[in-house]
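Notes to accompany the following structure.
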Amino acid sequence: MIVISFGLTSSGSTLAFEMAKAILELHRHPQLRLTDDLVTEGQNVNFVNGWTDDRLSRLIDCTVGKKIVVKTHADPSALSTEKTFGYLDSGDLKIQVVFRDPRDTVLSMLDHGVRARKRNQKAFSEIRTVDDAIMRLRRQLRSLRQWGAFPSLKLQYDDFAFDQVKGPQLIAGDLGVTVDPHKVWEIVNDRFTQKNVARPHRYKTDLSPDDTARVEGAFPDFVNLVENRDLSWFEEAQ
């Protein structure tokens, strides 16, 4: 079985990915690095940067009798909806989708931009302003909605990042296992998770009222999803 862990950049996706890996490792499913013809070359973890029906089929074929989590930021638009639903119905595929308050995501993107420029790194270096972050987030929301339109576990960042019990239990329940949350966090805390400020509702103190209004104006439906857990937002993708 393949578990696809999708999330927008700066949304806690690495934490959710590592949490799912830790849960499966505790249930004796080693998270072995897959071959470069299946996942993206040069990555230390199982990361997929582009999806095709052939790639998904080969990933499922090579993990018969295993449970492997792969991380992605790429959209599923090239996947056959019928085939993907077939894998989901058979239990060969699970999808877990991470989303986060866009006001906090924008702040995290800005922080990543500052660090990238200090380190002369390309990724995120172009994000200098709130408008830059809004533009990047807008491009990515289509992918989030597409993945979330499939039967999937919808993981709101605050639920698994700040609740030491709820997060592991949500992910473990989706994977059909039980888990000791404290053991999961012992593993995850020793791993690289892109941890930034790690403070809930950070925008309330760190984002100006004008910038908050700009983000809310850019993503009113997405803000409603976060504040009211209105998952119907995902249903419009397919």
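When the residues of the range 44-64 are filtered to those that are open to solvent by 80 Å² or more (accessible area, probe 1.4 Å) and out of contact with any Lys or Arg (no Cβ under 8 Å at 6 or more places or on another chain), the one that is nearest to Ala78 (Cα to Cα) is Asp54.
When the helices (runs of 4 or more DSSP H) confined to the range 123-238 are screened for residues that are touching a His at 6+ places or on another chain (Cβ under 9 Å), those reaching at least 1 such residues are found at 130-149, 157-161, 166-174.
Within this structure, Phe6 fails the test of being within 12 Å of the chain's Cα centre (by Cα), surrounded by fewer than 20 Cβ atoms within 10 Å (Cβ to Cβ) and either of a type in the set (Phe, Trp, Tyr) or within 17 Å of Gly148 (Cβ to Cβ) (or both). Looking at Phe160, is it in contact (Cβ under 8 Å) with a residue 12 or more places away in the chain, surrounded by fewer than 16 Cβ atoms within 10 Å (Cβ to Cβ), over 12 Å from Asp101 (Cβ atoms) and among the aromatic types (Phe, Trp, Tyr)? The answer is no for Phe160. Does Thr14 count as at pLDDT below 95 and hydroxyl-bearing (Ser, Thr, Tyr)? When the stated conditions are applied, Thr14 passes them. Checked against the criterion of being open to solvent by less than 60 Å² (accessible area, probe 1.4 Å) and within 28 Å of Lys204 (Cβ to Cβ), the candidates Arg128, Arg100, Arg117, Arg139 yield just one match: Arg100. Suppose the filter is open to solvent by less than 20 Å² (accessible area, probe 1.4 Å), β-branched (Val, Ile, Thr), over 29 Å from Asp92 (Cβ atoms) and out of contact with any Pro (no Cβ under 6 Å at 6 or more places or on another chain); does Val223 pass it? In short, yes.
Scanning the range 145-157 for residues that are more than 13 Å from Val226 (Cα to Cα) and open to solvent by less than 20 Å² (accessible area, probe 1.4 Å) gives Trp147, Gly148, Phe150.
Can you go through Lys83, Lys21 and tell me which one is surrounded by fewer than 20 Cβ atoms within 10 Å (Cβ to Cβ), modelled with pLDDT of 95 or more, touching a helix residue (DSSP H, G or I) at 6+ places or on another chain (Cβ under 9 Å) and at negative phi? The conditions single out Lys83. Take Asp210 and tell me if it is open to solvent by 20 Å² or more (accessible area, probe 1.4 Å) and under 19 Å from the mean Cα position of the chain (by Cα). Considered against the rule, which asks whether it is open to solvent by 20 Å² or more (accessible area, probe 1.4 Å) and under 19 Å from the mean Cα position of the chain (by Cα), Asp210 comes out as no. When the range 214-238 is limited to residues that are over 17 Å from His201 (Cβ atoms) and among the hydrophobic types (A, V, I, L, M, F, W, C), the one that is modelled with the highest pLDDT turns out to be Ala218.
The values are calculated or read from the model by the stated rules, or taken from the named source; none is laboratory data. Since the structure is predicted, the reported quantities are computational estimates derived from the model, not experimental observations. Every residue, glycine among them, receives a Cβ derived from its backbone with ideal geometry; neighbour counts consider all protein chains shown. Accessible surface areas use protein heavy atoms only, side chains included; no ligands, DNA or RNA. Shrake-Rupley method; radii C 1.70, N 1.55, O 1.52, S 1.80 Å.
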